[in-house]
Amino acid sequence: MTSHSTNMRIKLPTICIILEVILIILFGVFVRYDKETDSKKWHAHHDNNGSEIENDFYYRYPSFQDVHVMIFIGFGFLMTFLKRYGFGSVAFNFLIASFALQWATLMQGFFHGMGSDGKIHIGIESMINADFCTGAVLISFGGILGKTSPVQLLVMAVFEVTLFAINEYIILNIVEAKDAGGSMTIHTFGAYFGLVVSRILYRPHLEKSRHREGSVYHSDLFAMIGTIYLWMFWPSFNSAITAHGDSQHRTVMNTYYSLAACTLATFALSSLLSEEGKLDMVHIQNASLAGGVAVGTAGEMMLTPFGSMIVGSLAGIISTLGYKFLTPILDSKLKIQDTCGIHNLHGMPGILGAIVGAITASMATHDIYGDGMANVFPLVADGEVTASGQGVRQAIALGVALGFALIGGCIVGFIMKIPIFGTPPDTLCFEDQIYWEVP
Amino acid sequence: MTSHSTNMRIKLPTICIILEVILIILFGVFVRYDKETDSKKWHAHHDNNGSEIENDFYYRYPSFQDVHVMIFIGFGFLMTFLKRYGFGSVAFNFLIASFALQWATLMQGFFHGMGSDGKIHIGIESMINADFCTGAVLISFGGILGKTSPVQLLVMAVFEVTLFAINEYIILNIVEAKDAGGSMTIHTFGAYFGLVVSRILYRPHLEKSRHREGSVYHSDLFAMIGTIYLWMFWPSFNSAITAHGDSQHRTVMNTYYSLAACTLATFALSSLLSEEGKLDMVHIQNASLAGGVAVGTAGEMMLTPFGSMIVGSLAGIISTLGYKFLTPILDSKLKIQDTCGIHNLHGMPGILGAIVGAITASMATHDIYGDGMANVFPLVADGEVTASGQGVRQAIALGVALGFALIGGCIVGFIMKIPIFGTPPDTLCFEDQIYWEVP
Amino acid sequence: MTSHSTNMRIKLPTICIILEVILIILFGVFVRYDKETDSKKWHAHHDNNGSEIENDFYYRYPSFQDVHVMIFIGFGFLMTFLKRYGFGSVAFNFLIASFALQWATLMQGFFHGMGSDGKIHIGIESMINADFCTGAVLISFGGILGKTSPVQLLVMAVFEVTLFAINEYIILNIVEAKDAGGSMTIHTFGAYFGLVVSRILYRPHLEKSRHREGSVYHSDLFAMIGTIYLWMFWPSFNSAITAHGDSQHRTVMNTYYSLAACTLATFALSSLLSEEGKLDMVHIQNASLAGGVAVGTAGEMMLTPFGSMIVGSLAGIISTLGYKFLTPILDSKLKIQDTCGIHNLHGMPGILGAIVGAITASMATHDIYGDGMANVFPLVADGEVTASGQGVRQAIALGVALGFALIGGCIVGFIMKIPIFGTPPDTLCFEDQIYWEVP
């Protein structure tokens, strides 16, 4: 069958080479160093402004590296829980992330980073944004893990990155909502996009591979490496592109407490939902991270540690409940085969995060934010909108993200079904053997 | 038997939920952003003071993240060496650390961080301190690994964090000793506390589970992930809360050389102590870290790289000797079943670190420290005490830490024996099966 | 046979203790805190210069820690791919790196870090340089992995570090070439040194151990931890000791894009070179890193992201081709048994990096670099040499590195053959059992 022609010898090299050549050409034409990475511009600028430490590099590079670890180790190893898909999990994650971050540099640049000279100027902040966009693709990947060829994944990345950039542009620059940690732009978008793709790629005979859809003892420990790295560095994720100073600092703190509370909630629910009171590694590996997703929008706001802990606890509860009750329903009723449970880890907590963001925004007052209002809610500080107006914008942004995800995922899902991209047969899902020399 | 009722379905959710609700309420009442995380306060402050880079976030966040990795990956994976307790090691570590860092924020805040407004003001430094306190609990956990229920562990954390905060308050604020890297407050306290708890929980029939108390090939490699992360980031641990500038920088350097020397000493001893000259993974995984513990107090002082290397070598030697000769004696004679050998990794090296700190302090002169004396030994700089007076204070602090550990561990050990908290039977120690859905 | 006396009980402790004692004595005599780590000097200096944030610690410590992770986790775990040599890979890496960084502090200090007082003054930059030098030793280790005793490795480290320091001195201080990320000083030198050592230690009967020279499923996942960490933190490696400000920032960005492009090229070639189109983990684990090596010299220059991506793609292609075609030839024709394929990952990409550096240097103009020229090419900025003159110097530096590697490796290889240092028999290569208590 053409659609199951799993030999990648022509397809995969062809798509990789074509994409990289296109990337190189477009970078050559459009991409330039920005004023903090360009030797001439920085020194012209810097001589008037004092210390080298004011280069944005020193504000953001540690956060960037933490985000980078989340993208490559965090997502990569989180998905190694499958007993026979460890190579595919960590290495396809590596492949599509390496592509997506290059493509995202261009797409985000085209849609909202173009200078007056018609060039895209890049630096540490654009690198973080590229990694963020990549994160959305990897979330979607989690929904179809083990059921797609690497060529299909690259095709998905091409389109998803593009849609991500447009969606992000609308949310941040037109609706002017705030979403520093991406509850909407990254998590909600990435999750529902992936779920719709998974629906389009529905496999009625997936039971032929179900025996491979579980873990073994050590694969669960590899997955915990992913979990713990995501958990630890989520404060860096949410704060990586907020304003300098108190904003980065506060976002880190809110995320830290949200995640800690979420972990306790997850352990509580996981034990409670088991007849024998036994903990389930799937819950611990995933639901304990929902607290980071759920403060992705409000983390930079004056949410307070106390508020963060409430949000984190809620996120852990709904996420664990989702794994227990909703995932089986999605599968049996809605024909959504969500391998990693992205609906529970990114979907619902992303929506929760958007709602929390809207509520927190609508409660902003100058008495609480002081002169920092200009950093967190510039429209409110300028008097252009009221706090509740900002709250409404946040809610609209959620709608935009969901809309893009659902329609975009639908279109891209059908594109991915084109037989030429190859796809594993139902009998060989969740199996490294078809794409890898396995020892 | 009630005491062996290992079904956690009611107990674990109940304690998690009660603790988290209490935490949320107390945070709501007492915890506030400090002047570097609060939008209004920072901007009021900052407008008079220049650059955003002066926010303490930029001085300490990279160190914080390294400490965070040590707490969650370092401690978590170091304990995965057991062949059938990998889930419990990494995930109970995750659970109790997530609880302890929240509780520590409150306890440390109550005992020595309260503002004049009766509120606890938090920022990056309090987060580091909360992680440090958590470290002590995880050290104690190492002494009882595999022999306790997660409920017992949470109970231990509640009390140990509280005692830690009091002990720390006495040592730092009353005795006014220096202990930036916590040789006394974290390692000595955590280790002897855990050893006493282990004594109280002594199991005369533990031989029924001894066959599970070893490693398998890959579990030792997982444990090496923990070891190496602890080793690499220990310089960040010891320097995370020292004064800005030369103090952080010097502490990092002293710790770096101490650990390097310690590693050579550990390999030398491990080979020497084996009849066939074969290296023992237990030694490499643990004793090579003793050099970090042993410069926990003196690391910020003018110990010199040369001095650090001597201390590190000594620490590696006594720690390896401890694993070879002392651990069996503790077990057979003193009825202390120290699963991870915390006495060798944290106990003796912690005491060594306290002694080195006392000696180094007593040798401080203005000629060596210059104007930096005010950062390292403020009392000496102010003329309030002599250098040898500071040395005496350091020695007193060690006594305080040991006293708190021994008495506290005894009381808490008996509390943990209350049957309602559950505990695994002697036949099912070091076994994930009783608390986990194991694939 | 003496030469196969694998019992390390006397040899290993003896060499470790002798080396550490020598290190401690030499540190005591020669090594001092520099003006940023010394309490008195920093405070004398700082009071005239403003903020503590200007301490070099804050410019370089995050990069240092990333480099540190590459050295200990990256190299250590990359080599755990062997099914029965995981302990040796990660722990001998740990041992020789711990020694080498101490020894490098001295050797680099003697050859190019001596103050006017005859002392070596150390701080964060010397720590990074010590880790860099260690990296070269670990590269060479990769070429002889599984075929040497730990004593032989320490002997190699003693000499290789010394030669590294001399070679580095000649390249950076006499030839005055630029090589911030060490394409020449670290990768070319380390690789060809290791290859020559491997040639000298050629084992005609290695087929007796070939069945152990492969991986198992989970050992390949452990190796991917090493790969991904090296890949993620390579931007920090290349930028760790460049000038502050735009130079660090730009180097990070160039390396980031080079590596991303390299990964796509590696996947493309790996699939293309397999008859069934199946990907080979050896390629993914190694060749995808070649992009970091290949911008080790030019990364700090105005290479542009576009240029970096071309270089990275080329590096991925030649490296993968090397694994497929060259490694078997080296083995069968040149009698070089290169366990980890260091020729493909470090050798050829290192030479490529040197050439790219020479070309990029020769194209430098004041119009491109502006006042930043003084940081990147001080000789050109001063008018001492032309840009093409700088290019020639870069090319000469490559020759120096190759010369030192080939001659040095030859001499040191013969020293390592001295029977007293022990070496595993042909039947027990790639086997932990002979040096480790294996569970």
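Things to note:
- Scan of the range C:54-106 for residues that are at the interface with chain B (Cβ under 7 Å from one of its Cβ atoms) and hydrophobic (A, V, I, L, M, F, W, C), ordered by number: C:57, C:69, C:72, C:73, C:87, C:90, C:91, C:94, C:95, C:99, C:101
- One residue alone among B:255, B:266, B:320 is in contact with a Gly (Cβ under 7 Å, 6 or more places away or on another chain), without any contact (Cβ under 8 Å) to a residue 60 or more places away in the chain, assigned to a helix (DSSP H, G or I) and within 13 Å of chain C (Cβ to nearest Cβ), and that residue is B:266.
- Considering the range C:387-439, the residues that are surrounded by fewer than 17 Cβ atoms within 10 Å (Cβ to Cβ) and among the small types (Gly, Ala, Ser) include one that is farthest from the other protein chains (Cβ to nearest Cβ), namely C:403.
- Condition check for residue B:332: without any contact (Cβ under 8 Å) to a residue 24 or more places away in the chain, surrounded by fewer than 24 Cβ atoms within 10 Å (Cβ to Cβ), within 12 Å of chain C (Cβ to nearest Cβ) and among the small types (Gly, Ala, Ser): no
- Qualifying residue in the range A:222-242 (condition: of a type in the set (A, V, I, L, M), in contact with a strand residue (DSSP E or B) (Cβ under 8 Å, 6 or more places away or on another chain), free of Cβ contacts under 8 Å to residues at least 40 places away in the same chain and farther than 30 Å from residue A:53 by Cα): no
- Matching option when the condition is over 26 Å from residue C:36 (Cα atoms), part of a helix (DSSP H, G or I) and among the acidic types (Asp, Glu), among B:331, B:371, B:367, B:338: B:331
- Scanning the range B:54-64 for residues that are more than 23 Å from the chain's Cα centre (by Cα), charged (D, E, K, R) and modelled with pLDDT of 95 or more turns up just one, B:56.
Quick grid of which residues meet (1) surrounded by fewer than 23 Cβ atoms within 10 Å (Cβ to Cβ); (2) out of contact with any Asp or Glu (no Cβ under 8 Å at 6 or more places or on another chain):
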{"site": "B:177", "(1), (2)": "no, yes"}
{"site": "B:185", "(1), (2)": "no, no"}
{"site": "B:201", "(1), (2)": "yes, yes"}
{"site": "B:206", "(1), (2)": "yes, no"}
{"site": "B:226", "(1), (2)": "no, yes"}
{"site": "B:231", "(1), (2)": "no, yes"}
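- Some residue of the range A:32-48 being of a type in the set (Asp, Glu), facing chain C (nearest Cβ under 8 Å) and within 30 Å of residue A:145 (Cβ to Cβ): no
- Of the residues making up the range A:376-407, just one is outside any helix (DSSP H, G or I) and of a type in the set (Phe, Trp, Tyr), namely A:377.
- The combined condition, being assigned to a helix (DSSP H, G or I) and touching a residue at least 40 places away in the same chain (Cβ under 8 Å), is fulfilled by residue C:360.
- The selection criterion, being in a loop (DSSP other than H, G, I, E, B) and closer than 30 Å to residue A:74 by Cβ, holds for residue C:214.
- Where residue C:296 falls short, out of the listed (1) within 11 Å of chain A (Cβ to nearest Cβ); (2) not in a helix (DSSP H, G or I): (1)
- Restricting attention to the range C:233-252, the residues that are at the interface with chain A (Cβ under 7 Å from one of its Cβ atoms) and surrounded by fewer than 24 Cβ atoms within 10 Å (Cβ to Cβ) add up to 1.
- If only residues of the range B:270-293 that are in contact with a Pro (Cβ under 7 Å, 6 or more places away or on another chain) and buried (at least 24 other Cβ atoms within 10 Å of the Cβ) are counted, the one that is nearest to the other protein chains (Cβ to nearest Cβ) is B:271.
- Note on the range B:387-402: among residues that are β-branched (Val, Ile, Thr) and over 18 Å from the mean Cα position of the chain (by Cα), the one that is farthest from residue B:346 (Cα to Cα) is B:392.
- Residue match in the range A:320-341 (condition: under 30 Å from residue B:16 (Cβ atoms), at pLDDT 95 or above and basic (Lys, Arg)): yes
- Considering the conditions (1) touching a residue at least 60 places away in the same chain (Cβ under 8 Å); (2) within 30 Å of residue A:366 (Cβ to Cβ); (3) among the hydroxyl-bearing types (Ser, Thr, Tyr), residue A:288 is excluded by exactly one of them, (2).
- Restricting attention to the range B:418-439, the residues that are closer than 15 Å to residue A:221 by Cβ and at pLDDT below 95 add up to 1.
- Residues of the range C:91-123 classified as buried (at least 23 other Cβ atoms within 10 Å of the Cβ) and touching a Lys or Arg at 6+ places or on another chain (Cβ under 6 Å), total: 0
Table: residues versus (1) touching a residue at least 12 places away in the same chain (Cβ under 8 Å); (2) within 29 Å of the chain's Cα centre (by Cα).
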site	(1), (2)
A:17	no, yes
A:25	no, yes
A:29	no, yes
A:39	no, no
A:52	no, no
A:67	yes, yes
A:70	yes, yes
A:85	yes, yes
A:95	yes, yes
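The values are calculated or read from the model by the stated rules, or taken from the named source; none is laboratory data. All figures in this text were calculated on a predicted structure; none of them were measured in a lab. In this analysis, Cβ positions are derived from the backbone assuming ideal geometry, glycine residues included, and neighbour counts consider all displayed protein chains.
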